[in-house]
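The values are calculated or read from the model by the stated rules, or taken from the named source; none is laboratory data. Everything quoted here is computed from the prediction, not taken from an experiment. Don't worry about glycine lacking a Cβ; one is built from the backbone with ideal geometry, like all the others, and counts go over all protein chains shown.
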Amino acid sequence: MQVLQRIQGFTLALRARCRMSALANLSWVTRTLRDHPGAVESDLSQYHNIDIRDRWVFDEYGRRKLTLHMIFVRLWHLPHDSATKIALGSNGWSIGDYLLADNFHAATGNPHPARPKPEQSNGADRAKAVARARKRKAERDRQLASGEIPNG
């Protein structure tokens, strides 16, 4: 009986996580459409031959011709050098571009002049993240010790 309850609990948690993921995707799409409408319209037109105005057009059954989910899927899989990805912070380089730059470096002994420089990580940010993780661990250990959450 306990196994069945655990499986049911896991199933409910998985469903909730999927709903949260769908909400996060919806939030990402709406934020991207709000912040970079020109880039999104350009990429949907260029790569998928989709008119963004179809978002407000309905078919004979009352369904949208272009849903937010359709936009999300197409935006998520755009190439690195697309206008939307660059507007969202991509440097425009694909894995193939990096490999070509590495070949250039191997052949000439000099790094490719256009290769993006790696971002320098901030040691203070890492220290803050480690401190937060240690605080979460201490809180969880306290909850386990006091029996607030089951151990196992």
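When the criteria are applied in full, residue 115 meets the requirement of being within 30 Å of residue 38 (Cβ to Cβ), basic (Lys, Arg) and surrounded by 10 or more Cβ atoms within 10 Å (Cβ to Cβ). Quick check, is residue 95 closer than 15 Å to residue 50 by Cα and among the β-branched types (Val, Ile, Thr)? The answer is no for residue 95.
Screening 147, 123 for residues that are on the phi > 0 side of the Ramachandran plot and not aromatic (Phe, Trp, Tyr) leaves exactly one candidate, 147.
Close Cβ contacts (under 6 Å, 6 or more residues apart or on different chains) running from residues in the stretch 130-152 that are at pLDDT below 90 to residues that are in a helix (DSSP H, G or I) and surrounded by 10 or more Cβ atoms within 10 Å (Cβ to Cβ) comprise 149/143; 151/144. Looking only at the stretch 110-148, which residues are within 26 Å of the chain's Cα centre (by Cα) and polar (S, T, N, Q)? Correct list: 120, 121, 122.
Considering the conditions (1) under 30 Å from residue 119 (Cβ atoms); (2) at pLDDT 90 or above; (3) loosely packed, with under 13 Cβ neighbours inside 10 Å, residue 27 is excluded by exactly one of them, (2). One residue is enough: does the stretch 65-73 have a residue meeting the conditions touching a residue at least 24 places away in the same chain (Cβ under 8 Å) and either of a type in the set (D, E, K, R) or under 21 Å from residue 89 (Cβ atoms) (or both)? Yes, because at least one residue in the stretch 65-73 is touching a residue at least 24 places away in the same chain (Cβ under 8 Å) and either of a type in the set (D, E, K, R) or under 21 Å from residue 89 (Cβ atoms) (or both).
Total residues in the stretch 69-90 satisfying the condition of being farther than 30 Å from residue 118 by Cα and surrounded by fewer than 14 Cβ atoms within 10 Å (Cβ to Cβ): the figure is 1.
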